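A.B. asks: Have a look at this one.
Coordinate-derived values only; no laboratory data. Being a predicted model, the structure only gives us computed values, none of them experimental. Please note: Cβ atoms are built from the backbone with ideal geometry, for glycine as well, and neighbour counts cover all protein chains shown.
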Amino acid sequence: MPLPNRATLLAGLWLVLLIGCGFSSSRDAASETMGRYFTAIEAQDYPAALACYAEAFFEKTSRNAWERKLRGYNRQLGSLERFEAMSWNVKKHVGANGGTFVQVVYKTAYSRHPATEMFMLQKGEEGFRIIAHRLEVKGAPKQGETEFI
C-alpha cells in the first residue's frame with residue numbers, strides 16, 4: 001500500500017485543525033454561557049440565570065415555574081460555593097434538527113450538599129443557550145429532575 005503524498009497529508013492536517021478549532025470555539029462559547037449562569041446562581045440573581053436558557057426550554061416549563069425550581073434548589077442545597085466542568089462533548093448535527101450542541105457535566109459544591117449538574121446547550125442566534133438541565137444530589141432528601149425542551 002503506497003504512502004500518502006505530502007499534499008494529502010497537509011490537507012488532512014488542515015481538516016483536523018479546522019474541525020478542532022470549530023469544536024474548541026463552541027466549547028469556549030458554551031463555557032461563557034455557563035460562567036454567566038453560575039455567576040447568576042451564586043448571586044441568587046434568578047432572572048439573569050433564566051437568561052441563559054433557550055426560549056424553547058420554556059415551552060414545556062414556564063419561566064415562573066423554573067425560577068421557583070431554582071429557588072427551591074437554593075433552599076435545599078444552600079449557596080453555590082464552587083463549580084468545575086468535568087466533561088465536555090461537542091456535537092454538530094445536520095438536517096431538520098441540525099445545529100451545534102454542547103453537553104457539559106459540572107461538579108458543583110453548595111453549602112449544604114455537593115451535586116452533579118448536566119447541561120445540554122444549543123447554539124442559536126444569541127449564542128449558546130441551555131436546552132436541558134439535570135441536577136443530581138446525593139444525600140439530599142429530594143432528587144433533582146431533568147427539564148428538556
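A.B. asks: Kindly give the semi-axes, whole Å and largest first, of the ellipsoid equivalent to the range 93-138, taking each as the square root of 5 times a Cα gyration tensor eigenvalue. Kindly include the intermediate steps, with their values, before the conclusion.
C.D. replies: Numbers: eigenvalues 155, 20, 9 Å².
Values for the range 93-138, descending: 28, 10, 7 Å.
A.B. asks: Right, here's the next one. Tell me, what is the FRET efficiency for SER25 and GLU84 to the nearest 0.05, using R0 = 30 angstrom and their Cβ-Cβ distance as r?
C.D. replies: On the way: r = 21 Å, r/R0 = 0.71.
Plugging the Cβ-Cβ distance into 1/(1 + (r/R0)^6) gives 0.90.
A.B. asks: If you don't mind, there's one more thing I want to ask. Among all the aspartates and glutamates, which ones have a C-alpha under 12 Å from LYS107's C-alpha, if same-chain residues fewer than 8 places away are not counted?
C.D. replies: In chain and number order, the partners are GLU81, GLU84, GLU117, GLU136.
A.B. asks: Leaving out same-chain residues fewer than 8 places away, which lysines sit with a Cα under 16 Å from that of LYS91?
C.D. replies: Filter leaves LYS123.
A.B. asks: Let me ask another. Based on the inverse mean of 1/r over its pairs of different Cα atoms, what is the Kirkwood hydrodynamic radius of the range 66-113, in Å? Before the final figure, lay out the partial values.
C.D. replies: Values: mean 1/r = 0.0768 Å⁻¹.
Final number for the Kirkwood radius of the range 66-113 is 13.0 Å.
A.B. asks: So if each residue of separation counts as 0.36 nm, and I subtract the Cα-Cα distance between LYS92 and THR116, what length gain in nm does that give?
C.D. replies: 6.2 nm
A.B. asks: Please compute the length gained on full extension between GLN44 and ASN64, using 0.36 nm multiplied by the number of residues separating them and subtracting their Cα-Cα distance.
C.D. replies: 5.7 nm
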